[in-house]
Amino acid sequence: MVIGDILFFRQDHLSVSNVVRNSYELLAQEVEKYPEREFDKQSDHEAVSALAIHIMIEPINLNYDSAIKKAEEITVTRRNEFGDVFETPGLRVTKTFSFSGDRNLWNIGIGKLSSSMPKGSVGNGTITIGMEVPHNNGKAAADHIISTVEQIERYLKDQNETLARFNADLPSRLLPLVQARRSRRSNAEQLLGDF
């Protein structure tokens, strides 16, 4: 039995491109929500930098150096060809990685579906991949882990490319919005002198 849920997938088929598009649509709102006190003290470029840090989407990065491998003895429930259920000695073979980045991205697709999506169990800053198998199938579990890591790396590469473009593009998209807000504030202050 494979451990965990399908990664990079949601029932509504939300993809990282949808997230980026939605984030672009909300940029003007983010600029308007930026605290007035901070906004007034900062130059346009300082405000853009602060907003970009707040809005950017941090991609997932696996920490390979601290990965923890385990092979634990368990009891596996199986079914024979006659439908009888029985228990047999087994192994729970796992590899757990710590990661940085936005945890929600594990549930966001990349716009491509595959017949064999990777599975894993996402915790607070960790992801565990692996299998529970009969004791003599440990090699199959190890092969599954290797294959799943390769799949995850491909998905993360595609996801991270999209996010890198978004994050790099933020300053140029935010600057005109910051300048427009500053212009409106300046016009409002000038209006005070008219009466």
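What follows draws every value from the coordinates through simple rules; no lab data is involved. None of these values were measured; they are calculated from a predicted model. Positions of Cβ are backbone-derived with ideal geometry, glycine not excepted, and every protein chain shown enters the neighbour counts.
Summarising the amide proton neighbourhood of Val76: residues at separation of 5 or more, or on other chains, whose placed amide H is nearer than 5 Å comprise Thr88, Gly90.
Near Arg185, once Lys and Arg are set to +1 and Asp and Glu to -1 for all other residues with Cβ below 15 Å from its Cβ, the sum equals 0.
Its Cα gyration tensor gives the range 97-195 an equivalent ellipsoid. The semi-axes, each the square root of 5 times an eigenvalue, are 51, 14, 9 Å from largest down. The candidate values were (i) 19.1, 58; (ii) 15.6, 47; (iii) 24.3, 92; the one computed from these coordinates for Rg and Dmax of the Cα atoms in Å carries the label (iii). Building the convex hull from the alpha-carbon atoms of the range 134-180 and averaging its projection over directions returns 4.4 nm².
To the nearest Å, what is the center-to-center distance of the range 169-187 and the range 130-163, using C-alpha atoms only? Cα centroid of the range 169-187 versus Cα centroid of the range 130-163: 45 Å apart.
Once every DSSP H run of n ≥ 4 in the chain is given -39500 (n - 2.57) and the sum is divided by its residues, what mean residue ellipticity at 222 nm do you get, rounded to the nearest 500 deg cm²/dmol?
On the way: 5 runs with 90 residues, N = 195.
Using -39500 (n - 2.57) per qualifying helix, the result is -15500 deg cm²/dmol.
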